[in-house]
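Notes for the one structure printed next.
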Amino acid sequence: MTTAAPATRTGRRPWLLPTLAGYRPANLGWDVLAGLSAGAVVVPQAMAYATIANLPVQVGLYTCMVPMLVYAMLGGSRAMSVSTTSTIATLTATTLVSAGVATSGKDPVGDLAMLTLLVGAILTLARVFRLGGAVEAINKSTIIGVQIGVGATVAVGQLPKLLGESDNVTGHGFIRSIVAVVGAVPHANLATVILSACSIVLLVLLKRFAKRVPGPLIVVVAGILLAAFTPLPDVGVRLIAHVPFGIPLPVLPSFGHIVQLVPGALAIAMMAFLESAAVARGIRDPGEPQIHSNQELLATAAANVLGSFFQAMPSAGGFSQSAVNKSAGARSQISGLVTVALAVLVALLLAPVLSLLPEATLASLVFVAVIGLIDVRALIRLARLSRADFWTAVVTAALGLSAGLLVAVAAGVLITFGLVIRELSRVRVAEKGERHGRLALSVDSSMYTANILETENRVLALVDAARPVDAVVLDLWHMRVTSATVLEGLQDLDRELGGTGVALLLANVQPGARTLLDKSEWFRGLVAEGRVYDSAEAALAGGS
């Protein structure tokens, strides 16, 4: 069901509160219900994700406030719910560890604020330079590989807590997590193991057979009630640290580890935008306004910049919470504002109650959430469709599990752009026919610096194979734009052909490319000599 007024589907939407363009008051009830439903998932889930980065649970709660509020004001998706995600939380953990923040013994809030601010600043620069499309060029297989690495690392990293140990080693990588699990097994607490197993089974069953029931909320409430009215704490079940009353107070970012935080911030910024754009497009209904990359960049950037001053983790659109928001009937980002209000009420009224939450309960939430990231079916599908994409995903995942997730993200980006450059470098020159001593060749791809030399060599090889010919007609229909390097390559081709008694004729020169070519004395000479034609057919006929 679409809710936008017809005029807003094709017209330009306002930059502030764009999802309220054409809003119908009758949709308010749906938005309130959706916001409450999403909040029942996103609030406990965000608290759980904070523990991945070894941060206090209230940091996850705070991430449901300012970032979600800012996105509701600027974002273009009607139903996307913005807080933190398992991928972003894991990269945050890895970044804080690699930067030395996690082992410094100091309060990490200032460094977290700087990390979130850096993420927002990087996204802001990407928006200024309109890099939304460039970021989205990252191969889907790279994202699959990173998510597999995240899923396996976090799932294994939660096992010590599920066994009753308090160690959080996710940020130290997959191998360190395996070692921690082996060390935790002999010291497992039976009550904690039973609680963890029951929580995981309940979450899986609700997710499988009662998708509309907020499983995370049910499990959190059950864990709190068990801790309050049974002797769980007395038998060794660990509770989370004290949760303070109130909404987050403003903080200033710390500059103590700013240089060390930059590499992680780059990886988080890229994944935050990729996840947000993918979720926004994935939940968009036909007929709704299109999702624009640069608008999403602005909204995600602002959410992180402003959130950094209010103790928020780096934020992005989350699929599970957004799916709940959408399925509950969200019509606009008013649903997001309702979720913000719910998070504020939880912080103001329920802090002492949250302090009764067992660590194992939150670990169960994280475990179930991230295990789905290990998408074996996606790997099988890639293997069937494209071996290059399959191996990109495998290499990225393997690097994530061995060298670390930041290395995996960097490698995935390099592999993706390597594949792009290879594709751009591929030469596609085909014969279109020969008439009256003129050979027509079609360049069926754009010409760039990366492929102009190979294109020139391919043309010369085809001419040698077709001799004797008097002229070569080069159909440039696909060359929409050009560059000085390509111009020089065409001039060199003309000299090479002319040296063997073959004339170069150009056809179908497009206006975008001709803008630069007309500035060239060489090209103006071709025009004056009648060697530039409107079509390849006209050039072939001209030889009669």
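The values are calculated or read from the model by the stated rules, or taken from the named source; none is laboratory data. In this text, all values refer to a predicted model and were calculated from it rather than measured experimentally. Glycine also receives a Cβ, built like all others from the backbone with ideal geometry; neighbour counts cover every protein chain displayed.
If we keep just the residues of segment 78-101 that are of a type outside the set (A, V, I, L, M, F, W, C) and either part of a helix (DSSP H, G or I) or in contact with a Lys or Arg (Cβ under 7 Å, 6 or more places away or on another chain) (or both), which is farthest from Gly35 (Cα to Cα)? Only one residue tops the list, namely Ser98.
Kindly establish whether Ala301 is modelled with pLDDT under 95 and among the hydrophobic types (A, V, I, L, M, F, W, C).
Details: modelled with pLDDT under 95: no; among the hydrophobic types (A, V, I, L, M, F, W, C): yes.
So Ala301 fails the test.
For segment 304-337, filtering for residues that are buried (at least 24 other Cβ atoms within 10 Å of the Cβ), at pLDDT 95 or above and aliphatic (A, V, I, L, M) leaves 3.
Filtered by the rule that a residue be within 18 Å of Gly246 (Cβ to Cβ) and either outside the structural domain of Val221 (by TED's automatic domain parsing) or assigned to a loop (DSSP other than H, G, I, E, B) (or both), segment 321-354 gives a lone residue, Leu350. In segment 31-46, is there at least one residue being closer than 18 Å to Ala113 by Cβ and crowded, with 23+ Cβ neighbours inside 10 Å? So far as segment 31-46 goes, yes, one or more of its residues are closer than 18 Å to Ala113 by Cβ and crowded, with 23+ Cβ neighbours inside 10 Å. Of the residues Arg208, Arg212, the single one that is farther than 21 Å from Leu61 by Cα and either free of Cβ contacts under 8 Å to residues at least 40 places away in the same chain or crowded, with 16+ Cβ neighbours inside 10 Å (or both) is Arg208. Scan segment 231-240 and tell me whether some residue there is out of contact with any Gly (no Cβ under 6 Å at 6 or more places or on another chain), of a type in the set (D, E, K, R) and in a loop (DSSP other than H, G, I, E, B). Within segment 231-240 (the criterion being out of contact with any Gly (no Cβ under 6 Å at 6 or more places or on another chain), of a type in the set (D, E, K, R) and in a loop (DSSP other than H, G, I, E, B)), the answer is yes, since at least one residue qualifies.
Among the residues of segment 102-115, how many are closer than 27 Å to Ala398 by Cβ and in a helix (DSSP H, G or I)? Can you show your working first?
Filtering segment 102-115 down to residues closer than 27 Å to Ala398 by Cβ leaves 102-103, 115.
From what is left, the residues that are in a helix (DSSP H, G or I) are 115.
Within segment 102-115, residues that are closer than 27 Å to Ala398 by Cβ and in a helix (DSSP H, G or I) number 1.
Of all the numbered requirements in (1) touching a Ser or Thr at 6+ places or on another chain (Cβ under 6 Å); (2) modelled with pLDDT under 90; (3) of a type in the set (A, V, I, L, M), Leu414 misses one, and that requirement is (1). Filtering segment 66-75 to residues that are surrounded by fewer than 24 Cβ atoms within 10 Å (Cβ to Cβ) and not in a helix (DSSP H, G or I) leaves nothing.
Annotation note: of Leu399, Leu419, Leu365, Leu379, the sole residue that is touching a residue at least 40 places away in the same chain (Cβ under 8 Å), of a type outside the set (Gly, Ala, Ser), touching a Pro at 6+ places or on another chain (Cβ under 8 Å) and more than 30 Å from Gly542 (Cα to Cα) is Leu365.
With respect to being assigned by TED's automatic domain parsing to the domain that holds Leu96, of a type in the set (A, V, I, L, M) and either in contact with a His (Cβ under 8 Å, 6 or more places away or on another chain) or surrounded by fewer than 15 Cβ atoms within 10 Å (Cβ to Cβ) (or both), Ile380 fits the description.
Scanning segment 368-421 for residues that are within 18 Å of the chain's Cα centre (by Cα) and among the aromatic types (Phe, Trp, Tyr) yields one hit, Phe417. Within segment 280-292, residues that are under 23 Å from Ala134 (Cβ atoms) have Cβ atoms under 7 Å from residues that are hydroxyl-bearing (Ser, Thr, Tyr) in these pairs: Ala280/Ser77; Arg284/Ser77; Pro289/Thr8; Ile291/Ser77, counting only partners at least 6 apart in sequence or on another chain. In segment 240-275, the qualifying residues are those that are among the aliphatic types (A, V, I, L, M) and surrounded by fewer than 18 Cβ atoms within 10 Å (Cβ to Cβ), and the one that is nearest to the chain's Cα centre (by Cα) is Val262. Where helices (runs of 4 or more DSSP H) fall entirely within segment 116-224, those with at least 3 residues that are modelled with pLDDT of 90 or more and within 20 Å of Gln321 (Cβ to Cβ) are at 140-163, 190-209. In segment 250-265, the residues that are in the same structural domain as Leu405 (by TED's automatic domain parsing) reach residues that are part of a loop (DSSP other than H, G, I, E, B) and not small (Gly, Ala, Ser) with C-beta atoms within less than 7 angstrom, at least six apart or across chains, in these pairs: Pro250/Phe309; Pro250/Phe310; Val251/Phe309; Val251/Gln311; His257/Val101. Determine, yes or no, whether Gly183 is in contact with an Asp or Glu (Cβ under 9 Å, 6 or more places away or on another chain), under 30 Å from Leu239 (Cβ atoms) and not hydrophobic (A, V, I, L, M, F, W, C). For Gly183, the condition - in contact with an Asp or Glu (Cβ under 9 Å, 6 or more places away or on another chain), under 30 Å from Leu239 (Cβ atoms) and not hydrophobic (A, V, I, L, M, F, W, C) - is met.
So that you can scan it fast, the table gives a plain yes or no per residue for (1) among the β-branched types (Val, Ile, Thr); (2) in contact with a helix residue (DSSP H, G or I) (Cβ under 9 Å, 6 or more places away or on another chain); (3) outside any helix (DSSP H, G or I):
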{"residue": "Ala360", "(1), (2), (3)": "no, yes, no"}
{"residue": "Val366", "(1), (2), (3)": "yes, yes, no"}
{"residue": "Ile374", "(1), (2), (3)": "yes, yes, yes"}
{"residue": "Leu382", "(1), (2), (3)": "no, yes, no"}
{"residue": "Ala410", "(1), (2), (3)": "no, yes, no"}
{"residue": "Leu419", "(1), (2), (3)": "no, yes, no"}
{"residue": "Leu424", "(1), (2), (3)": "no, no, no"}
{"residue": "Val427", "(1), (2), (3)": "yes, yes, yes"}
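Note on segment 21-30: residues that are buried (at least 17 other Cβ atoms within 10 Å of the Cβ) and part of a helix (DSSP H, G or I) total 2.
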